[in-house]
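This report refers to the structure that appears directly beneath it.
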Amino acid sequence: MCYGHRRRSLSPTRLTRNNNALAVDTLRARLAETEAQLERARAREAELTRRLEEMKRFILVMEILESYLKQRFREQQEYVARIFSSLPAK
């Protein structure tokens, strides 16, 4: 053993500070990851909302088209019925 040199050991206070600093660093890292996950989730939600609205508009257009085609079909049926009813019977 060398005289004049003392072996340094970590005091309980220093260990607690190190553990606290490590815990704070760990929590900060976890918080950063959680915030990144939240940001990705929000971006995904925004994309899904955009796609849902796009699908709703598409469905609305298809319903309008369906209504129009049904009306045209009824008109054509009535037209054909009038033509056949005006033909002389044999």
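Quick rundown of the values:
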{"quantity": "So Ala23, is it at pLDDT 95 or above and part of a helix (DSSP H, G or I)", "calculated": "no"}
{"quantity": "For Lys90: the one exception among (1) among the basic types (Lys, Arg); (2) modelled with pLDDT under 95; (3) surrounded by 10 or more Cβ atoms within 10 Å (Cβ to Cβ)", "calculated": "(3)"}
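The values are calculated or read from the model by the stated rules, or taken from the named source; none is laboratory data. Since the structure is predicted, the reported quantities are computational estimates derived from the model, not experimental observations. Cβ atoms come from the backbone with ideal geometry, glycine included; neighbour counts cover every protein chain shown.
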